[in-house]
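First comes the structure, then the notes that go with it.
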Amino acid sequence: MPARRPILALLGVCALAAAGCATALWTAPAPALAGGEQAQGPLNDQGSSPNYRSLITSVSPSAPGLSLQVLQFSDRLQLRNRTGRTVTIEGYEGEPYARVQPSGTVEVNERSPAYYLNESFYGNVTVPAWASAKAPPRWRVVDRTGQFEWHDHRIHWMSPALPPQVKDKAKRTLIFDWRVPIAVGARRGAVSGQLFWTPESSNAPVAAIVIGGAIVVLALLLVLVTRRRRAGSRRPPDARADGQTGAGGAGGAHREAW
């Protein structure tokens, strides 16, 4: 029985690894909740293609506690505010679109045209007449976690047609540089980046890699178990009998003495 303990431990590790792989494959990116009264639901991918990759190149002003990232290739941005100041995101006409307060409260301006345009990947929506960049903001609380996700048309290609910049689909190509204005407190700045066309051959099959790794681990475990069983079956019968006698005789009594 003691010889089987390492095998059982390895089985447990593999089970945990398999569970982790399943989680990695099926869990979509979503903001962690902080027990607030309201929470922004995780946004669904609106149709971004892995051929389009948006990369952040700079964030200004520089502020400790401010972090941004692109989610799902070029689908949306995520901003986290731990700066101790209000961070404001501007809409397409320079109007205040959303803000994340130092308390973690996240608000959107329902009079910003961007609030409605961002509901569609290609902006195919009708903006209400009373929504205007010149209208005074009307803020609505959508979250209290200190982070905000939003679809932004400035970071992705706004057509199902191939960009004219792409002459060869097999080559990585810069489509355009982009800029999303923000303000940290009274300091104005922007999130800057670039959108690239990325060939299909460079799209790493993440799921296949994870599953392949799990298969390799399980195969190694099977080899180890098989070798241990063969080693046990090759022991002479007398040696096995002697081992059993020793365990129940004086040797066994000696091991059990305290």
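The values are calculated or read from the model by the stated rules, or taken from the named source; none is laboratory data. Everything quoted here is computed from the prediction, not taken from an experiment. Cβ: placed from backbone, ideal geometry, glycine included. Neighbour counts: every protein chain shown.
Candidates 159, 192: the one that is among the polar types (S, T, N, Q), in contact with a Ser or Thr (Cβ under 8 Å, 6 or more places away or on another chain) and within 21 Å of residue 49 (Cα to Cα) is 192.
Of all positions in the range 124-134, at least one carries a residue that is touching a residue at least 40 places away in the same chain (Cβ under 8 Å) and under 19 Å from residue 183 (Cβ atoms).
Kindly provide the set of residues from the range 45-82 that are more than 27 Å from residue 169 (Cβ to Cβ), in a strand (DSSP E or B) and not polar (S, T, N, Q), ordered by number. Hits for the range 45-82 are 59, 66, 68, 79, 80. Summed over the range 186-215, the residues that are modelled with pLDDT of 70 or more and of a type outside the set (Gly, Ala, Ser) give a count of 11. Between 181, 137, 163, the distinction of being surrounded by 14 or more Cβ atoms within 10 Å (Cβ to Cβ) and touching a Phe, Trp or Tyr at 6+ places or on another chain (Cβ under 8 Å) belongs to 163 only. Of the strands (runs of 3 or more DSSP E) entirely within the range 83-165, those holding at least 2 residues that are closer than 23 Å to residue 73 by Cβ occupy 96-100, 147-151.
Pairs needed: first member in the range 204-229, closer than 27 Å to residue 72 by Cβ and of a type in the set (A, V, I, L, M, F, W, C); second member anywhere, surrounded by 12 or more Cβ atoms within 10 Å (Cβ to Cβ) and modelled with pLDDT under 65; C-beta distance under 7 Å; at least 6 residues apart or different chains. From residues that are closer than 27 Å to residue 72 by Cβ and of a type in the set (A, V, I, L, M, F, W, C), the pairs are 210/21; 211/21; 214/17; 214/18; 214/21.
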